[in-house]
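**Student:** Dropping the structure in here first, questions after.
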Amino acid sequence: MGYYSVRDIETDDAGEIQVENGDLKLASVKRSHVQALHWLILTNRGEYLWGDSVANLGAYIGSLNVPRTHRAMEMSVIDALTNQGAFFRGDVRIRVVPIDYYEVLVTARMFGDYELQPGEEEEDEDQILGYRYPFGTGLPVKMDVTTTG
């Protein structure tokens, strides 16, 4: 497991910068990495200058909801993680499972040790991000996923 210490400006899930007391709010180390993973999953190749550094799930619009497609989607996210360099390869587990005839659930579970700032409490839970991916539109929709200890 990797050790992470990089912090970023905090944003909400829509990418809006958060302000606190009239200044930019800094995210915790763990939240910074959650934001990076969220952005990576939602971004397509044409939306970013370095297209190989994003998951590019839009490429699967109209694909068949079969295990071969699920594995290809998982590899797209894993390859983007490797190219982005924000995570060690084994510290994010990606799973794609069918949930409907035309939809899959894409989950990303984060592992690793995250540096704490003074006053922050350690979270015992792994962070899990979840997205419904409809093959008809190719637009992932973030879902609430329960974290586990």
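The values are calculated or read from the model by the stated rules, or taken from the named source; none is laboratory data. Here the structure is a predicted model, which means the values were calculated and not measured. Using ideal geometry, Cβ is built from the backbone for each residue, glycine included, and neighbour counts are taken over all protein chains shown. Protein only, heavy atoms only, side chains kept; ligands, DNA and RNA dropped before computing areas. Shrake-Rupley method; radii C 1.70, N 1.55, O 1.52, S 1.80 Å.
**Student:** On the protein heavy atoms, probe 1.4 angstrom, tell me the percent of accessible surface of the chain carried by carbon and sulfur.
**Tutor:** 51 percent
**Student:** Only four residue types carry charge here, +1 at the Cβ of Lys and Arg and -1 at the Cβ of Asp and Glu. Report the dipole size of the chain about the Cα centre in Debye, rounded to the nearest 20.
**Tutor:** Computed charge dipole of the chain: roughly 880 debye.
**Student:** Under 1.5 on a/c is rounded, so check that first for segment 4-45, then, if it is not, pick prolate when a/b is larger than b/c and oblate when it is not; a ≥ b ≥ c are the square roots of the alpha carbon gyration tensor eigenvalues.
**Tutor:** Details: a/c = 3.10, a/b = 1.41, b/c = 2.19.
Taking the square roots of the gyration eigenvalues as a ≥ b ≥ c, segment 4-45 is oblate.
**Student:** Something else now. So how compact is segment 32-149: Cα radius of gyration and Dmax in angstrom?
**Tutor:** Expressed in Å, the Cα Rg and Dmax of segment 32-149 come to 14.6, 49.
**Student:** Can you give the accessible area per residue of segment 1-138, in Å², using a 1.4 Å probe?
**Tutor:** Numbers: 7870 Å² over 138 residues.
About 57 Å² of surface per residue is accessible.
**Student:** Please compute the contact order of the chain in relative form: average sequence separation of alpha-carbon pairs under 8 Å and at least six residues apart, divided by the residue count, as a percent.
**Tutor:** Answer for the chain is 21 percent.
**Student:** Express in whole angstrom the spacing between the alpha-carbon centres of segment 1-38 and segment 128-144.
**Tutor:** 21 Å
**Student:** Counting helices only, and only those DSSP H runs with n ≥ 4, report the 222 nm mean residue ellipticity of the chain as the sum of -39,500 (n - 2.57) divided by its residues, in deg cm²/dmol to the nearest 500.
**Tutor:** Value at 222 nm, helices only, nearest 500: -7000 deg cm²/dmol.
**Student:** Let me ask another. Using only the alpha-carbon atoms, how far is helix 67-84 inclined from the longest principal axis of the chain? Give it as 0 to 90 degrees, nearest 10.
**Tutor:** 30 degrees
**Student:** Hey, in the GNM for the chain with a 10 angstrom Cα cutoff, which one of Gly22, Gly112, Gly58 fluctuates hardest?
**Tutor:** Sorting by GNM fluctuation, first place goes to Gly22.
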